[in-house]
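Trainee: Pasting a structure here, questions to come.
Coordinate-derived values only; no laboratory data. Being a predicted model, the structure only gives us computed values, none of them experimental. With ideal geometry, Cβ positions are generated from the backbone for all residues, glycine too; neighbour counts draw on all protein chains shown.
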Amino acid sequence: MLLQLFLVPSFLTFAMANFFAPSDNANAALGPQLQPWYPESDFKTFGSGLDVSKYTPEGQQFDVKKVSVAFLAEYYKKNPDSLTYRDGYEDPDLGVKHAWVEQTHDGIKFANTDGKVTFNRFNKVVTVSSSYVTLTTAPITLLKATLTLEEAIKVAEEALRGTYVPPTSPSASATSDDKSSLQFLANADGSATLVYSVPVKNDSQGTYFQAYVDAHEPKIVAATDYVAH
């Protein structure tokens, strides 16, 4: 299935416009600034638990990663290839398992959608939630980023007056590569924007943002203020 890519709607609040106004020496073109749009989340509970044993082949042990993806794909009518297990944990005392599954396209995850499944100690689903989206189609060539990660970092640093914060996970390299930093932002109109996810921090000013830089134009299309949250 192909994906449609449009720019985020062109409006901004006065407060955000004032903060994101470029400094005198900033030469990056800034796009509309706003908080990322978050799809409405669906949440369901299943009392004593919904039997999902059909997702575990006979003779095999329960695999929370595989079952979570398979269940969410069928429950929300998504292609299993578009869902990827992200994270999870098990309560050692209660035996309750929590699994988070992200939505992806062409191996690139969505920054503002997510899914979660909770299993009881009998491996039955007791809660499920999702903010997955359904997108329209367009030429696949639009999925190719025009900017490099280095260019996106420069845009974010100049606009937000901060310094790029590289990945800190054990599996991450000192600097992310272009592919790992690419994400999609789902939009309210059923489209998605290909962006670079760039964390920028300024310790002296006490600011920390997750900037989403358009992968085709040198501008920020959305930013999450970690300090405000």
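Trainee: So for the range 42-130, averaging the separation of alpha carbon pairs under 8 Å that are six or more residues apart and normalising by length, what relative contact order in percent results?
Mentor: Values: 157 pairs, mean separation 29.4, N = 89.
Relative contact order here is 33 percent.
Trainee: For V227 and T134, calculate 0.36 nm times their separation in residues minus their Cα-Cα distance, and state this gained length in nm to one decimal. Let's see the in-between values first.
Mentor: On the way: separation 93, 0.36 × 93 = 33.48 nm, distance 3.11 nm.
Difference between extended and current length: 30.4 nm.
Trainee: Among the lysines, which have Cα under 18 Å from the Cα of K44 when same-chain residues fewer than 8 positions away are ignored?
Mentor: K77, K78, K97, K116, K124
Trainee: Report, in whole Å, the centroid distance computed from the Cα atoms of the range 197-214 and the range 31-72.
Mentor: 31
Trainee: Oh, and also: Summing +1 for each Lys or Arg and -1 for each Asp or Glu, what net charge is found among the other residues whose Cβ lies under 10 Å from the Cβ of V198?
Mentor: 0
Trainee: Oh, and also: Only four residue types carry charge here, +1 at the Cβ of Lys and Arg and -1 at the Cβ of Asp and Glu. Report the dipole size of the range 42-130 about the Cα centre in Debye, rounded to the nearest 20. Please report the intermediate quantities before stating the final value.
Mentor: Values: 12 positive and 13 negative charges, 31 e Å.
Value, rounded to 20: 160 debye.
Trainee: How much net charge surrounds D106 when only the other residues with a Cβ under 11 Å from the Cβ of D106 are counted, with Lys and Arg +1 and Asp and Glu -1? Each step should come with its number before you reach the end.
Mentor: On the way: positive: K109, K144, K179; negative: D81.
For residues surrounding D106, the net value is +2.
Trainee: At R0 = 25 Å, how high is the FRET efficiency between R121 and K77 if r is their beta carbon distance? Nearest 0.05 is fine.
Mentor: Once rounded, the FRET efficiency stands at 0.30.
Trainee: Another question, if that's okay. On full extension of the chain, what length is gained from T146 through D87, given 0.36 nm per residue of separation minus the C-alpha to C-alpha distance?
Mentor: 18.2 nm
Trainee: Within 10 Å, Cβ to Cβ, of V96, how many net charges do the neighbouring residues add up to if Lys/Arg are +1 and Asp/Glu are -1?
Mentor: -1
Trainee: Starting with the fewest neighbours, write out V128, V64, V101 ranked by other beta-carbon atoms found within 10 Å of each beta-carbon. Don't jump to the answer; show the numbers that get you there.
Mentor: On the way: V128 20, V64 17, V101 25.
Neighbour counts put them in this order, fewest first: V64, V128, V101.
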